[in-house]
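Encoded as structure tokens, the structure appears first; notes follow it.
Any read-out appearing in this document is the output of simple, stated calculations on the displayed coordinates, not a laboratory observation. Worth saying up front: this structure is predicted, and the values here are computed from it rather than measured. Counting neighbours? That spans all protein chains shown, and the Cβs are built from the backbone with ideal geometry, glycine included.
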Amino acid sequence: MNRISALAAVLAIGLGCGPVFGQDKAQGIAAQVCAACHGADGNSVAPANPKIAGQGAEYLQKQLGDFRASGSKKPARESAIMSGMVAKLSDADMKGLAAYYAGQALKPAAAADKELAAQGQKLWRGGYAAGNVPACAGCHGPAGAGMPSQFPRLAGQYAEYLAAQLKAFREGTRANDANGVMRSVAAHLNDRQIQALAEYAAGLRQAE
């Protein structure tokens, strides 16, 4: 049984069940569909796939919704894999999954390059005035905790994933940021700066 078929089966089982079963249903979808890429507890073991454990529920729900196409309209965030995964999810399913993963404990990644991370710290805290780049801490917080309803937690995320997303924003291949904020920021970052920020964020801990 492939993952999309598994999702359909889980959804069918959950039809007509009340809110108490809702969280069990979310956990079932997570285990049968999401775990292959993100881990059953949201701690992906592959740097190309984000760690979603402990991420803000509002942010996760928005991303799931953005991956879903609506009729002939393209999804706000394009991904052939994720669009297939969310195609059969209801709004309630997305809300349940977001709440489930938000409640899981993050097993943070770590910075691998201390020199790059030190450069990233300067950008994170002070921005880059010459390039009109604001400090990342202004939206994502000094320790990378983010603002749950607006900006994602970045602390402890894989550097590889963060760098890929910054480049996607820079190139315009990811465009589901509110008011184009991330695209305008990333447009002024070079590859070295992107890698430095990603390394620093990977090493951040929310308790700092």
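Key figures
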| item | result |
| --- | --- |
| Contour minus Cα-Cα distance for ASN179 and ALA92 (0.36 nm per residue) | 28.7 nm |
| Simple spin-label estimate for ALA129 and ALA143 in nanometres, 7 Å along Cα-Cβ | 2.9 nm |
| Separation in nanometres of the label points that stand 7 Å from Cα toward Cβ, at ALA105 and HIS188 | 4.1 nm |
| Least to most buried among SER79, SER90 (fewest other Cβ within 10 Å first) | SER90, SER79 |
| Residues ARG205, ARG170, ARG153, sorted so that the one with the fewest Cβ neighbours within 10 Å comes first | ARG205, ARG170, ARG153 |
| Degrees between helix 57-67 axis and first principal axis of the chain (Cα, 0 to 90, nearest 10) | 80 degrees |
| Order of VAL86, VAL181, VAL45 under a 10 Å beta carbon neighbour criterion, fewest first | VAL45, VAL181, VAL86 |
